[in-house]
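Inspection log for the structure reproduced underneath, given as structure tokens.
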Amino acid sequence: MRFDIRYTSRFDYASPISESQNALRACPTSDDRQTVSHYRVVTRPSARVHSYVDYWGTRVDTFGIRAPHESLEVVAECTVDTTPSRAVTVGPRPWDVYEERFRDEHLEFLAPSSHVTFSGEVSRVAAEKAEQAGDDLVGTVLSLHRLVGTSFEYAPGATYVGVDVDELFATRQGVCQDFAHVLIAMCRSIGVPARYVSGYYFAVQDDSSDEPDVDEVDVQTHAWVEAAIPEHGWLALDPTNRQQVGERHVKIGHGRDYDDVAPLKGTYIGGARHDLNAGVHMRRMVAAQEQQQQQ
């Protein structure tokens, strides 16, 4: 499936600022499930963009604007082709496959991080699910995925970036990043390496698993989870819409939690008051491809 994607962020400042320095993570990665054929970044005011790949393997576009400005608009456009995710073919896996070497290689995705802590009820419920699944690692991970997806309410505006996982687990409300943080916490608490994924999801709404009946949607950046399964690799699961990651998911990058792959970070010199408008426009090109094939 091919998508044209346009990510936009616009800052409007209450008074002119004298300088801003920014780091953008909006470019999809190319891997065994997706391929990027086009990508570009445009800023207004205009700035020279420098790019590098960070520690986690995500492309970062950095730029600074020194002239005084009252607004900043950042637009990232890309074209990406996706394929279905690889099915889990290893079957039930016993817990002893998490040998010491495997754990050492994934240590960063086992430890607590800024937005992923695990104690109290989160750890207790995860351990309970693991016990019920018995000697079945994959079954345990899928059980935790179902639990978060079915017992949490998708509620935009109910939380904020940085809310504690235990609080999320108590209120059972949040958005995609909250669903992801809770599932990651539950996995790590029982010894399953798990990482946070930032990306784009082609749907009418984040929590919908239904295939859109339109070819263009306006959305926000999305988040899901990848859990490490020996002899399989990373099992990608989206607890917000209760499904395995598929062709309509476009991955930007991954990290320990939201902070490692936040779409846009920056600092500026000037007054603190500003308004931010951000969004993503996705256009599905599958219909056009089918027409070309028929011709």
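What follows draws every value from the coordinates through simple rules; no lab data is involved. Since the model is a prediction, treat every value here as computed from it, not as a measurement. We place every Cβ from the backbone using ideal geometry, glycine too, and count neighbours over all the protein chains shown.
Figures for the structure shown
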{"item": "Proxy reagent accessibility, fewest Cβ within 10 Å first, across S20, S46, S209, S123", "result": "S46, S209, S123, S20"}
{"item": "Mean residue ellipticity (222 nm) of the chain, computed from DSSP H runs ≥ 4 via -39,500 (n - 2.57), nearest 500", "result": "-6500 deg cm²/dmol"}
{"item": "From the coordinates shown, semi-axes √(5λ) of the Cα gyration tensor in Å corresponds to which of [x] 33, 24, 18; [y] 65, 26, 15; [z] 45, 20, 18", "result": "[x]"}
{"item": "Gain in span if fully extended, H281 to A23, counting 0.36 nm per residue against the direct Cα distance", "result": "90.8 nm"}
{"item": "Rounded if a/c under 1.5, otherwise prolate or oblate - the range 171-295, Cα gyration tensor axes", "result": "oblate"}
{"item": "Max mean-square fluctuation residue, GNM over the chain, Cα-Cα springs under 10 Å, options G271, G255, G246", "result": "G271"}
{"item": "Cα gyration tensor, the range 95-259 - rounded (a/c under 1.5), prolate or oblate", "result": "prolate"}
{"item": "Hz values of 3J(HN,Hα) by residue in the range 119-124 - Karplus curve (6.51, -1.76, 1.60), Gly and Pro given as x", "result": "7, x, 5, 4, 5, 5"}
{"item": "The chain: most fluctuating residue of S119, S198, S143 per GNM, C-alpha cutoff 10 Å", "result": "S119"}
{"item": "Electrostatic dipole magnitude of the chain [Cβ: Lys, Arg +1; Asp, Glu -1; Cα centre; debye, to 20]", "result": "720"}
{"item": "Folded to 0 to 90 degrees: helix 176-189 orientation relative to the chain principal axis, Cα", "result": "40"}
{"item": "Residue with peak Gaussian network fluctuation, the chain [Cα springs, cutoff 10 Å], from Y200, Y154, Y52", "result": "Y52"}
{"item": "Derived scalar couplings ³J(HN,Hα) [the range 127-133; Karplus, 6.51 cos²θ - 1.76 cosθ + 1.60; whole Hz; x for Gly, Pro]", "result": "5, 5, 5, 5, 5, 5, 6"}
{"item": "Inter-part distance where the range 72-143 and the range 164-184 are each reduced to a Cα centre, Å", "result": "15"}
{"item": "Relative contact order (%) - criterion: Cα under 8 Å, at least six apart; region: the chain", "result": "28"}
{"item": "Taking C176, C187 and counting other C-beta atoms within 10 Å, the order from fewest to most", "result": "C176, C187"}
